[in-house]
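What follows is a single structure, written as structure tokens, with notes after it.
A short reminder: the numbers here are calculations on the coordinates, not readings from a lab. Bear in mind the structure is a predicted one, so any value in this text is a computation, not a measurement. Neighbour counts run over all protein chains shown; Cβ positions are idealised from the backbone, glycine included.
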Amino acid sequence: MTVNAFNADYLFVFILAAFLGFQLIKKVSPLLHSPLMSLTNAIAAVVIVGAITITGEEGATPLAKTLGFIAVFCATVNLVSGFMITDRMLKMFKPRGK
Amino acid sequence: MGVFVPFAAIAASALFILSLMWMSHPSTARRGVRAGEIGMVIAIIGALVQHEVVNYDLIIIAMIAGAAAGIPMALLMPMTAIPQRTAISHAFGALAVGLIGAAEYYKHAHPEYAGGFIMWVLMFEMLLGFLTCTASVVAFAKLQELMGSRPVSFPGQRIFNGAVALATVVIGATLAIDPTQTWLFPAFVALALLFGILLVIPIGGADMPTVIALLNSYAGLAASAMGFALGNKLLIVAGALDGASGFILALVMCKAMNRSFANVMFGGFGKVIAGVTGGKDDRVVRSASAEEAAMQLENASSVVIIPGYGMAVAQAQHKVSELYQALTKKGVDVKFAIHPVAGRMPGHMNVLLAEANVPYEQLVNLDDINPELPQADVAVIIGANDTVNPSARDDPQSAIAGMPIIEADRAKSVFVIKRSMNAGFAGIDNPIYYNSNTQMLFGDAKDMVGSIAKELSGGGSGLH
């Protein structure tokens, strides 16, 4: 499934995403730096995708299943609590007269 | 079903990008969270329907358990604990990355992968993942005050840390070149974990905003590296976005302290300078009472409040908001001056004040408030110290020389709410306390602000 050689496509995607990330984050209001951190943390929990694969794939060893199980658990905690806390924080930011 | 998988990854990547785009302003930010959530759901469905995935029971149990732990955490967590929660969530995220890397390593521990790209990337990913995990746990322990927030140092620290780092890299490289040496693998993991601890123990509490931002960046980079190892572009994109975010925040924090990354990470700040104070006792400190402060505030036309970590410690944000409401009602223009490193994480003060119902338009950034301070009638410093220290601007010899400060001393008069005359985190003497236009309000921030607010709303007539 995975190849053993370096694949330049990945680096290409990484560089573009990193540049885009810099441009987007620079525009985030400093007001929201705390919610930004918990949001990006929740987004990074997308590693759950990898955890799901190693836990559920055909021929997974008991060790892989155990490690994968813990990883799915950790990532789920992060993504659930990350999105919810971000929303809780953002709800509090109200403009004047509200 | 298989056709869906690549499209799921593209859709999820796009939604994550939109999510960050909408974070640019409070009015669209919640839409950003929705976009992120939808992106995540699509990504998870995409992972579940892959034809490689055949066993669902463990996945479902882990997800239910994770949600059962995460939901109460999100609902019950007090806003004052946000820095700790952020630190521990980096630990969780990094641990997940490390463990996935470990499982992948054992899967690839065959001679045909020796020295291959996957092995190198996996080793890099695990190094970053495991060290971020323990580093975040230490940051959490410091923020939760399970351990002292002062820097920890021991003789030969740098040499020891360097040796551990070197050993980790050498073993990692050995494993990449010859992955069949599985007996070395636990040593690699243990060393990476140890290195994470060593990295954060010498860093003091006031540098936590930078450290948390850096760990955020590391966690993102580790996720991205995992994307390289697994050949998953969605992980590369999400990790790069997270990595970029943490990196920019760390840069903002460093700039706000006029320090370099290296200085934050290896400076051992906050312990060196502690002995400088003393011998200046002839200077006069003027103190005032809550009534006197209330009277001056009431007669002001513009007031700038400068909160610092002390406000968070005293949990004074709700009383500060009462003060804001009382003054606004009397027609006083009140603004809050927010220093980027005030508190224990980026944006800490904003969240606390927003929670206490202060409208976000009143929360003004360092660069925007300084030109306004000379026109302000009163500046009220609540639990801030180093961020308002004029010696950063005036004294090139000062340990914080060059650090951008909120120029509270330029206001017509200054009130400082402070428990005692003890020095701040950096242990540096603060001349603002001795200025002729400064009055000290000694006491607990919450009680003091509360009594000023009470004086103001209790019908100011009694004061005259």
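Residue exposure proxy: A:Met89, B:Met311, ordered by other Cβ atoms within 10 angstrom of their Cβ from fewest to most, comes out as A:Met89, B:Met311.
What average number of partner chain Cβ atoms lie no more than 10 Å from the Cβ of the residues making up B:114-127?
On the way: counts 1, 1, 5, 7, 5, 1, 1, 2, 0, 0, 0, 0, 0, 0.
Shielding by partners across B:114-127 averages 2.
For region B:136-147, putting each phi into the Karplus relation 6.51 cos²θ - 1.76 cosθ + 1.60 with θ = phi - 60° gives couplings of 5, 5, 5, 4, 4, 4, 5, 5, 7, 6, 6, 9 Hz, in residue order, rounded to whole numbers and with x for Gly and Pro.
Just need the Rg to Rh number for chain A, please, alpha carbons only, Kirkwood Rh. Walk me through the numbers before you get to the answer.
Numbers: Rg = 18.1 Å, Rh = 16.3 Å.
That ratio is 1.11, to two decimals.
Sorted fewest first by neighbouring Cβ atoms within 10 angstrom, B:Arg410, A:Arg96 come out as A:Arg96, B:Arg410. Placing dummy labels 7 Å off each Cα toward the beta-carbon, the span from A:Thr66 to B:Ile61 is 1.4 nm. A viscosity of 1.567 mPa s and a temperature of 4 °C, combined with the Kirkwood radius over C-alpha pairs in the Stokes-Einstein formula, give region B:116-195 a diffusion coefficient of 94 µm²/s. For B:Val334, the amide hydrogen comes within under 5 Å of the amide hydrogens of B:Val303, counting only partners 5 or more places away or on other chains and with H modelled in the peptide plane. Sorted from longest to shortest, the spans of the Cα atoms of the protein assembly as shown along the three principal axes equal 85, 53, 35 Å. For helix B:317-329, report the angle its Cα long axis makes with the longest principal axis of the Cα atoms of chain B; keep it between 0 and 90° and round to the nearest 10°. That works out to roughly 50 degrees. Under 5 Å between amide hydrogens, built in the peptide plane, is the criterion, and for B:Arg419 it picks out B:Gly443 among residues at least 5 positions away or on other chains.
Please report B:Trp22, B:Trp183 as a ranked list, fewest other C-beta atoms within 10 angstrom at the top and most at the bottom.
Details: B:Trp22 21, B:Trp183 7.
Lowest count first: B:Trp183, B:Trp22.
Given R0 = 51 Å, the distance between the Cβ atoms of B:Arg393 and B:Val170 translates into a calculated FRET efficiency of 0.65. In chain B, helices alone account for a calculated mean residue ellipticity at 222 nm of -18500 deg cm²/dmol, with every DSSP H run of four or more residues adding -39,500 (n - 2.57).
Can you work out the Karplus-derived ³J(HN,Hα) for every residue in region B:224-236? Use 6.51 cos²θ - 1.76 cosθ + 1.60 with θ = phi - 60°, whole Hz, and x for glycine or proline. Whole-Hz 3J(HN,Hα) from phi for region B:224-236: 5, 4, 5, x, 4, 5, 8, x, 10, 6, 4, 5, 4.
D by Stokes-Einstein for region B:77-266, Kirkwood Rh over Cα pairs, 20 °C, 1.002 mPa s: 127 µm²/s. State whether region B:315-464 is rounded, prolate or oblate according to the following rule on the C-alpha gyration tensor (a ≥ b ≥ c being the square roots of its eigenvalues): a/c under 1.5 gives rounded; otherwise a/b larger than b/c gives prolate, and the remaining case gives oblate. Since a/c reaches 1.5 and a/b is larger than b/c, the shape of region B:315-464 is classed as prolate. The GNM of chain A, with springs linking C-alpha atoms under 10 angstrom apart, assigns the highest mean-square fluctuation among A:Thr66, A:Thr86, A:Thr40 to A:Thr66. For the pair B:Ile159 and B:Glu145 in one chain, pulling the backbone fully straight at 0.36 nm per residue adds 2.3 nm over the alpha carbon distance. Counts of other chain beta carbons within 10 angstrom of each beta carbon in peptide B:101-113 average 4. Under a 5 Å amide H cut-off, with hydrogens placed 1.01 Å from N, B:Ile203 pairs with B:Val152 among residues at least 5 apart or on other chains. Note on chain B: Kirkwood hydrodynamic radius from all Cα pairs is 24.5 Å, rounded to one decimal.
Computed from backbone phi, the HN-Hα couplings of region B:202-212 come to x, 9, x, x, 6, 8, 4, x, 5, 5, 4 Hz, rounded to whole numbers (Karplus: 6.51 cos²θ - 1.76 cosθ + 1.60, θ = phi - 60°; Gly and Pro given as x).
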